[in-house]
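K.L.:
What follows is a structure written as structure tokens; I'll ask about it next.
The values are calculated or read from the model by the stated rules, or taken from the named source; none is laboratory data. Computed from a predicted structure; not experimentally measured. Cβ placement follows ideal geometry from the backbone for every residue including glycine, while neighbour counts extend to all protein chains displayed.
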Amino acid sequence: MSAYILRRLVQALVVLFFITAVCFLLTHYSSDPMAQYANKQGMTEADRQAIRLRLGLDQPLPVQYVSWLTLAFQGNLGNSFFSHQPVLLLISQRLPMTLVLMITSEILIIAVSLVLGIISAVKQYSLTDNIITSFSFIGFSMPIFFIALGLMQVLAVQFKEWGWPYLPTGGDVWDFGDPLALAWHMVLPVTCLIIITVAGYSRFLRSSILEVLGLDYIRTARAKGLEERAVLFKHALRNAALPLITIIGLDIPALLGGALVTESIFAWPGMGRLFWEYAQKGDFPVVNGTLLLTSSAVVFFTIIVDVAYTLIDPRIRLN
Amino acid sequence: MTTDALPALPDSNTSEPIAAPLSPRQLIWRRFRKHRMALIGAIGIGLLLVFIIVGSMIVPEPATRDGNLRARLLAPTAGHWFGTDTNGYDVFNRIIYGGQISLAIGVLAVVMEITLGTVLGGIAAFYGGWLDALIMRFTEAMLAIPQLFLLIVLAKFLGHDLPDINILGRTFSGSVGIVVIVIGGTSWMYLARIVRANMLSLREMEYIYAAKALGASDRRIFLNHLVPNTLGIIIVSATLGLAGAILSEAYVSFLGLGVQSSTPTWGNMMDQAQSFMVQGVWWLWFFPSLFIVFTILCINLVGDGLRDALDPRSGRHL
């Protein structure tokens, strides 16, 4: 077991090296942070050179990369080019907002998918199943901005026009510390995330349950006279939900990066929007820091999920 | 319920007792045909193709750029079925031509995805050793970065001004090529892994040993034996990848990093939609989105049917 974990960790280091190299190379060439100074009044070429020197942009690329990597290993992701704040500070300001949004959504997503998946599997080919299946196909084929703009159009714009109680569009200013305002502003983004994600999860759970229900031990459980309810919840669901755990486990670290589109549509001050705002400005310390943090989380969560899986399911052997 | 989940018996037992055995291709077609949703999806795609092809014969291409600012943001009427956009251009006309570009971007990006995925996955499986390790670590690295983040970074990386492209007497913004590369370059990873896993198991089969013993070259074994036997998986991935690519185009364009607006696509028709929403302008995002959802839904249905048809074990889910 420990040899396996060690081997995985070594592999993870190689993966992380690739990630940093890819991110650094792409972000470096993708935008010019000096562009904002190009037409500034009263700024001479010497001033620009001084800024370049201060930001370390005069160095050759490999030197910049190595110095950035060395600092990153020491837990210093550098300062933002524009706001001059440490990247880690910016991230730590945004991360809680993303976590609030994502954890709430994920809990509701799991609950709704479990209910829909179970109903759809137990009543296979019934009208309910067909309706759930149709909706999950549509949900699965939908870009999130479609549902986001649609809900916003109806529940925020139209309701306001009709003089009904309406939901916020995200354009307004509000106090993040006020739990009521927070919950109120979360309604739309959370609903969108649920609709989009539940489609895939419930569909997956349905086929997983159906597969398990066809196995011999379920027949045995029925043959010995167990109630259908006990067969389903005590026997079938335990095995059927296992693969879902992997999927959720792998989705969670990606959630740290936030739902970029959802966050930008609803002006949610989370990680996704942080990335998007600073990527547009070409602030690559922030972009690289966000990418590095999110992808490292993915890499390490994959290992944790694989190891945890063997603890939950003794049939799996690591090799 | 139990009987539903049990493997169904081959239907040839009941219908054609002494008929000649079906070829694999006939069997696949028969299974696909029985998948009603997949047929609906295929019909939907057919209708869509008719719409964008016949549509472009009726509506001339300059009509997508024909309008003036006084007629901007008009709600749908008899004259403008889907309303007009921020430049006063007709949304319906742009949907026709935008559809052509969106589908073309999807197909080209999938071609790139398939090529990259098959070649990288194939090389990793075929040569093994350090090359395999290197390719797979790189694949994992690309997978670890959330795809939308990667799309944005790559789109900005490549997003410099490019000269226009002239094909078939029409002018396209050079950014079409960039979007294709961005999408193709960020979506090959799953396919590479699947191809590798499949080829690894194929490599150990006896007919490959036989081919080697007969002195077949690496190239011949790869192209004549390994690739054809992986084709089923590749076709399914390509179909589902097409849906993903069209969706990616929509996301990248929605964020304003896609094709420049001189060449309409379903995605870039929406990039200003949100700013005008509060004024009650809904047709800017609604119609392009609707076409995107319809297209992706149909493609996914076909892909699902193909997966069931090509995978003999999935017969019971029909």
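K.L.:
Please indicate, with yes or no, whether at least one residue in the stretch A:187-198 is more than 11 Å from chain B (Cβ to nearest Cβ) and surrounded by fewer than 16 Cβ atoms within 10 Å (Cβ to Cβ).
P.N.:
Yes - at least one qualifying residue is present in the stretch A:187-198.
K.L.:
Moving on to the next point. Among the numbered criteria (1) surrounded by 18 or more Cβ atoms within 10 Å (Cβ to Cβ); (2) in contact with a Phe, Trp or Tyr (Cβ under 7 Å, 6 or more places away or on another chain); (3) closer than 27 Å to A:Phe17 by Cα, which one does A:Ile252 miss?
P.N.:
Only one criterion is unmet by A:Ile252, namely (1).
K.L.:
Evaluate the following for A:Gly225: is it closer than 20 Å to A:Thr302 by Cα and either in the same structural domain as A:Val122 (by TED's automatic domain parsing) or at pLDDT below 85 (or both)?
P.N.:
The answer is no for A:Gly225.
K.L.:
Residues that are buried (at least 23 other Cβ atoms within 10 Å of the Cβ), more than 10 Å from chain A (Cβ to nearest Cβ) and either acidic (Asp, Glu) or part of a helix (DSSP H, G or I) (or both): does the stretch B:128-143 have at least one?
P.N.:
No; the residues of the stretch B:128-143 include none that is buried (at least 23 other Cβ atoms within 10 Å of the Cβ), more than 10 Å from chain A (Cβ to nearest Cβ) and either acidic (Asp, Glu) or part of a helix (DSSP H, G or I) (or both).
K.L.:
Go through the stretch A:136-173 and report how many residues are within 23 Å of B:Gly267 (Cα to Cα) and in a helix (DSSP H, G or I).
P.N.:
Number of matching residues: 17.
K.L.:
Given (1) surrounded by fewer than 21 Cβ atoms within 10 Å (Cβ to Cβ); (2) charged (D, E, K, R); (3) assigned to a helix (DSSP H, G or I), identify the lone condition not met by A:Arg206.
P.N.:
(1)
K.L.:
For B:Tyr97, indicate whether it is touching a residue at least 24 places away in the same chain (Cβ under 8 Å), more than 14 Å from every other protein chain (Cβ to nearest Cβ), farther than 30 Å from A:Ala297 by Cβ and under 19 Å from the mean Cα position of the chain (by Cα).
P.N.:
For B:Tyr97, the condition - touching a residue at least 24 places away in the same chain (Cβ under 8 Å), more than 14 Å from every other protein chain (Cβ to nearest Cβ), farther than 30 Å from A:Ala297 by Cβ and under 19 Å from the mean Cα position of the chain (by Cα) - is met.
K.L.:
If you go through the stretch A:105-117 one residue at a time, do you hit one that is closer than 29 Å to B:Tyr251 by Cα and surrounded by fewer than 16 Cβ atoms within 10 Å (Cβ to Cβ)?
P.N.:
Within the stretch A:105-117 (the criterion being closer than 29 Å to B:Tyr251 by Cα and surrounded by fewer than 16 Cβ atoms within 10 Å (Cβ to Cβ)), the answer is yes, since at least one residue qualifies.
K.L.:
Anything in the stretch A:221-239 that is within 12 Å of chain B (Cβ to nearest Cβ) and either touching a Pro at 6+ places or on another chain (Cβ under 8 Å) or without any contact (Cβ under 8 Å) to a residue 60 or more places away in the chain (or both)? List them, or say none.
P.N.:
Passing the criteria: A:Ala221, A:Arg222, A:Ala223, A:Glu228, A:Val231, A:Ala236.
K.L.:
Mind listing whichever residues of the stretch B:273-298 are in contact with a Leu (Cβ under 7 Å, 6 or more places away or on another chain) and part of a loop (DSSP other than H, G, I, E, B)?
P.N.:
Once the filter is applied, which keeps residues that are in contact with a Leu (Cβ under 7 Å, 6 or more places away or on another chain) and part of a loop (DSSP other than H, G, I, E, B), the stretch B:273-298 yields B:Ala273, B:Met277, B:Val281.
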